[in-house]
Amino acid sequence: GFPKMTVSEKIAVLSGRLTRARFARLSRALDFRTRKIILVLEDVFQPHNAAAVLRNCDAFGLQEVHIIENRYRAKISSNVDTGVSKWMDIIRHTSSLARPSKVGMGREKLLAEHLENPRAALSEIKSRGYALAASTLKDGAGSIDDVPADIPVALMIGSEFDGLSETAHNMADFMFSMPMLGFAQSFNLSVFSALCLSNLSRRMRCSGDSWKLTSKERELLMLKWLEISTGDSGNLE
């Protein structure tokens, strides 16, 4: 029989099915993609917030987002998301106690049983070499400028009402907050994530080239994106 096609051969075939402009757009996005910073959302229950944060992640070149669902199963508003999440790796860590989010939710009590879920999720992320940076309103927190940008970092942002769980706080390697100079206690979740990612990703990209994907990662991601673009997934042998 004929040998199976290699990844690079599949890329050559599928890229030929796109216009030059379309393939150039995929290539440019790939040039700026990174896994050195990943984002972790915990118990975010408003669909437009989750979607807006994902758009921010895409805009700043993040490839990987983790959604920890302790009390709520996060919904992502498609009209806000505008399809960007399909190009990213969205990993959900869902507690068996989590319920579908709906209007009026947000202040349900966090039970001890819920906390096994973030503990397992964050332990897995830390085992991959990521430092955990927790956004917090607790006293004594540093600034986003204090979060190192030259090491792999998981940026953790919590629920709209009560922020990150105690488990997430306790497992964090760094805790930071953003000073508020008016009467508001905090920024909107989307604005806050954009400010954090802008700061962290700018410093990361100025610290060298270690943020870039490996050639193998680039190849596999390009193939995945081409399969999405052409609607031809797994048909090439």
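Below is a table of values for the structure above.
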quantity	calculated
Euclidean distance between Cα centres, the stretch 176-197 to the stretch 146-171, Å	14
For the stretch 127-135, Karplus couplings with θ = phi - 60° (6.51, -1.76, 1.60), whole Hz, Gly/Pro x	5, 8, x, 8, 7, 9, 10, 9, 7
Mean ellipticity per residue at 222 nm, deg cm²/dmol - from DSSP H runs of n ≥ 4 across the chain, formula -39500 (n - 2.57)	-11500 deg cm²/dmol
For the chain, the spread of Cα positions along each principal axis, largest first, Å	62, 39, 33
Sites F187 and D232, calculated FRET efficiency, Cβ-Cβ separation with R0 30 Å, nearest 0.05	0.10
Solvent-accessible area per residue for the stretch 88-237 (1.4 angstrom probe, square angstrom)	54
Surface share of carbon and sulfur [accessible, 1.4 angstrom probe, percent] for the stretch 1-91	54
Accessible area (Å², per residue) of the stretch 1-53, counting only protein heavy atoms and a probe of 1.4 Å	54
DSSP bridge pairs, the chain: antiparallel proportion in percent, nearest 5	5
Rounded percent of accessible protein surface that carbon and sulfur make up, the stretch 149-237, 1.4 Å probe	55
Accessible surface ranking that places the most exposed of K86, K10, K109 first, with a 1.4 angstrom probe	K109, K86, K10
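The values are calculated or read from the model by the stated rules, or taken from the named source; none is laboratory data. Everything numeric in this text was worked out from a predicted model, so none of it was measured. FYI the Cβ positions are ideal-geometry reconstructions off the backbone, even for glycines, and counts take in every protein chain you see. Only protein heavy atoms, including side chains, enter the accessible area calculation; ligands, DNA and RNA are left aside. Shrake-Rupley method; radii C 1.70, N 1.55, O 1.52, S 1.80 Å.
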